[in-house]
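Below you'll find the structure, written out as structure tokens, and then a few comments.
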Amino acid sequence: MGAVRKFWDPEGERFGLPTWPWKWAPAHYKTRDQLVAMGLRPHQPIAAQVMWDSKRGVRRAYLFDVALAGPPKARSAAQVASLEAARRKRRICPTCGHEQPYYLSTALKECTTCADGLAAAA
Ligand SMILES: [Zn+2]
């Protein structure tokens, strides 16, 4: 059980954070992905970690106390407006200045009409 003892540090004396070997952490500690899968977000600093050996060296995953996690923060009206503005910007062709009903291709960087060279004719 050397691998277990190696990362057994519930007080965080050696690793600076309460640490357990992979799969040994108390059940109330979850990774961010686990919280997200439960519809929660960590509204808190990192509480603990799990560590394990892999072929690429020591790996770690940070853990959060599920009791301190909560639902995702609701977006404010200003955030919603700014997201909408960013989406709208992706539909406005810089060449002809028209807002298109689709997102501009990131490869073409203009609307399909301009990309086809038809803007001058129109
Ligand atoms: Zn255009």
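A compact table of results
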read-out: Where Lys109, Lys6 fall by accessible area, highest first, once all protein chains stay in place (1.4 Å); value: Lys109, Lys6
read-out: For the range 9-18, 3J(HN,Hα) per residue [Karplus equation, 6.51 cos²θ - 1.76 cosθ + 1.60, θ = phi - 60°, Hz, x = Gly/Pro]; value: 8, x, 8, x, 6, 9, 9, x, 9, x
read-out: Under 29 Å from Lys6, Cα to Cα: lysines that are on another chain or at least 8 residues apart; value: Lys23, Lys30, Lys55
read-out: Average Cα contact separation per residue, the range 2-68, under 8 Å, 6 or more apart, as relative contact order %; value: 32
read-out: Top positive-direction residue, dipole computed over the chain with Cβ charges, set Met51, Ser76, Ala37; value: Met51
read-out: Average Cα contact separation per residue, the chain, under 8 Å, 6 or more apart, as relative contact order %; value: 17
read-out: Distant-in-sequence amide H partners of Ala48 (H built 1.01 Å from N, under 5 Å); value: Leu63
read-out: Sequence ranges 79-85, 34-40, 62-68, ranked by mean other-Cβ count within 10 angstrom, highest first; value: 62-68, 34-40, 79-85
read-out: Principal axis dimensions, the range 2-68 - Cα atoms, whole angstrom, descending; value: 35, 25, 17
read-out: Set of lysines with alpha-carbon distance to Lys89 below 23 Å, sequence-local pairs under 8 removed; value: Lys109
read-out: Amide hydrogen neighbours beyond the local backbone of Ile92, cut-off 5 Å, H modeled; value: Gln100
read-out: Environment charge of Leu40, counting only residues whose C-beta is closer than 15 Å and scoring Lys/Arg +1, Asp/Glu -1; value: +2
read-out: Rh by Kirkwood over Cα pairs, then Stokes-Einstein D for the chain at 1.002 mPa s and 20 °C, µm²/s; value: 115
read-out: Whole-percent carbon and sulfur share, accessible surface of the chain, 1.4 Å; value: 57
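The values are calculated or read from the model by the stated rules, or taken from the named source; none is laboratory data. Note that this is a predicted model, so its numbers are computed, not measured. In this analysis, Cβ positions are derived from the backbone assuming ideal geometry, glycine residues included, and neighbour counts consider all displayed protein chains. Each accessible area value is taken on the protein alone, full model and side chains, heavy atoms only, with ligands, DNA and RNA left out. Shrake-Rupley method; radii C 1.70, N 1.55, O 1.52, S 1.80 Å.
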